[in-house]
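What follows is a short report on a single structure.
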Amino acid sequence: MPRTYQDLLAHARNEVPEIQVADLAARIAAGDAPLVVDVREQSEWDEGHVPGAVLVPRGFLESRIAGVARPDQEIILMCAGGNRSLLAGLTLQEMGFTNLLSLHGGFTRWKQSGNDVQVPRTLSPGQRARYSRHVLIPEVGEEGQLKLLDSKVLLIGAGGLGSPAAYYLAAAGVGTIGLVDDDVVDASNLQRQIIHTTDRVGMLKGESAKIAIEALNPDVKVNVHATRVNKDNVLDLLSGYDVIVDGADNFPTRYLLADASLMTRTPLVHASILRFEGHASVFTPYEGPCYRCLFPEPPPPDLAPSCGEAGVLGVLCGVMGNIQANEAIKVLLGIGDTLAGRLLVYDALGMSFTELKVRRDPHCPACGPDAKLEFRDYEAWCAGVGRHAATVGAPS
Amino acid sequence: MSTVRIPPVLRPAVGGVRELTVDGGTVGEVLEAIYAEHPAVRQQLVTEEGELHRFVNLYVNDEDVRMLEWLDTPVGERDTVLILPAMAGGAG
């Protein structure tokens, strides 16, 4: 026998108990924080919803509810007027959910009764399309994507590591990308520095990267800093950025960044490359180890050839730069396990990844409790001048 | 016999190979065995006073020997010793 909409609703009302708006408001005010699942559509949600509620549109209810609640957990279902939530309750009962309530009168009555309404900041329709594959990931979602759009990442070097890192961070919608590089694009860069192009040889790397990023994603603001980072400008450069991506090509800059990261408490995403080998880690100031906990001193110049002297596989730059972009995004979103406390060593020739433990050095000359952190003459120090004096008091 | 992984900058000193198989019951003994076979490695890793340079990190498997027993850290047949100087490359 066919059943009308009214028949279905009457049946649902018999099966699914209801809660009144005043009772829900009282429970929320008392700090009870019940799980409120809003089964309306995205566009209705965007115009306002109960603070703390979770959106699971009714069309996705069966497939997404497991990510939100356990079958024995209390769920308060709500919609605009209190009917769709009753029908959603029937569906969840079929799935074995036992502790369900439907909000009588729904969001309309909630709002009419003068309760708090949260109007979310949302992605524009264009952004929702562009970042749809991010929004689908529970760990990112719309909230995470908005966070990325608000984030600021400073890349030191727009070269081998900075090119892929900046490109993917821009694609991911990191809202502000700073590029520090005083070099110009050279034909010999193009084997690996994929953000630059043949017709931009001779252009400042920051400007060239800015053209590529703006063509890829107009959401991203690019700050070009056509300078070499040094101890006089580093604190100004870092100011306002959430994460530093270290793609420098020399030890003086790397040790300077390590110290500045501690001074400004800005997480530092590290990678370095040579021939077929890459290193990567994340240094979270005063929480995890720092660069100098890992490498207290730089090697002498003859044991530290640059890629310009010793060569580097172009693809390796892409792998390691993208590992940096990956870690930067995790740091920005506060998700997953970063490489903090670990050094990842990648051997592209043997195709092996090795993880080494990195621990905080209790006597670290940079982040230890007795450290007197101040800028030094990094060029001289890395050349071996005054190395001994600089480490007096540190353990051997 | 344990496996020793050689970083790119030291490979010229050991005939270009990426790994060596070396005798020795401790990290110190393993290094001495390498120096005996490849004297150039000693020049790069050890100071004039005979101490290991501080820019050289040594690992047994995934653990830094500074956190273990330094050069006395035992090395078994199935262990891998990794010599790891910092690398600077990135932008260039």
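In table form, for the structure just shown:
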| quantity | calculated |
| --- | --- |
| Unique residue being of a type outside the set (Ser, Thr, Tyr), more than 30 Å from A:Ala380 (Cβ to Cβ) and assigned by TED's automatic domain parsing to the domain that holds A:Thr266 when the list is A:Glu327, A:Glu309 | A:Glu327 |
| Leading residue by the ranking (nearest to the chain's Cα centre (by Cα)) among those in the stretch B:37-53 that are over 14 Å from B:Pro7 (Cα atoms) and at the interface with chain A (Cβ under 8 Å from one of its Cβ atoms) | B:His53 |
| Residue check for A:Ser306: at pLDDT 95 or above, buried (at least 17 other Cβ atoms within 10 Å of the Cβ) and polar (S, T, N, Q) | no |
| Residue within the stretch A:375-384 that is more than 9 Å from every other protein chain (Cβ to nearest Cβ), touching a Pro at 6+ places or on another chain (Cβ under 8 Å) and at pLDDT 95 or above present | no |
| Filter result for the condition that a residue is closer than 30 Å to A:Ile194 by Cα and either in contact (Cβ under 8 Å) with a residue 24 or more places away in the chain or under 12 Å from the mean Cα position of the chain (by Cα) (or both), over B:Pro74, B:Pro85 | B:Pro85 |
| Positions within the stretch A:290-316 being over 19 Å from A:Pro252 (Cα atoms), at the interface with another protein chain (Cβ under 10 Å from one of its Cβ atoms) and not aliphatic (A, V, I, L, M), in sequence order | A:Gly311 |
| Which numbered condition B:Val56 misses (of (1) more than 7 Å from every other protein chain (Cβ to nearest Cβ); (2) more than 23 Å from A:Glu309 (Cβ to Cβ); (3) not aromatic (Phe, Trp, Tyr)) | (2) |
| Scan of the stretch A:207-251 for residues that are touching a strand residue (DSSP E or B) at 6+ places or on another chain (Cβ under 8 Å), exposed (fewer than 15 other Cβ atoms within 10 Å of the Cβ) and assigned to a helix (DSSP H, G or I), ordered by number | A:Glu214 |
| Among the residues listed as A:Arg275, A:Arg265, the single one being of a type in the set (D, E, K, R) and under 15 Å from A:Leu154 (Cβ atoms) | A:Arg265 |
| Subset of the stretch B:59-81 that is part of a strand (DSSP E or B) and either modelled with pLDDT under 95 or within 7 Å of chain A (Cβ to nearest Cβ) (or both) - its residue that is farthest from A:Trp381 (Cα to Cα) | B:Glu63 |
| Residue within the stretch A:164-180 that is touching a Phe, Trp or Tyr at 6+ places or on another chain (Cβ under 9 Å), closer than 30 Å to A:Leu136 by Cβ, more than 14 Å from chain B (Cβ to nearest Cβ) and surrounded by fewer than 21 Cβ atoms within 10 Å (Cβ to Cβ) present | yes |
| Filter result for B:Ile6 (closer than 25 Å to A:Thr253 by Cα, more than 8 Å from chain A (Cβ to nearest Cβ) and buried (at least 16 other Cβ atoms within 10 Å of the Cβ)) | no |
| Among the candidates A:Gly336, A:Gly350, residue that is small (Gly, Ala, Ser) and within 11 Å of chain B (Cβ to nearest Cβ) | A:Gly350 |
| Top-ranked residue of the stretch A:114-133 - restricted to ones that are surrounded by 13 or more Cβ atoms within 10 Å (Cβ to Cβ) and more than 30 Å from A:Asp72 (Cα to Cα), ranked as modelled with the lowest pLDDT | A:Thr122 |
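The values are calculated or read from the model by the stated rules, or taken from the named source; none is laboratory data. Quick caveat, the model's predicted, so the values are computed rather than measured. For neighbour counting, all protein chains shown are included, and Cβ atoms are generated from backbone atoms with ideal geometry for every residue, glycine included.
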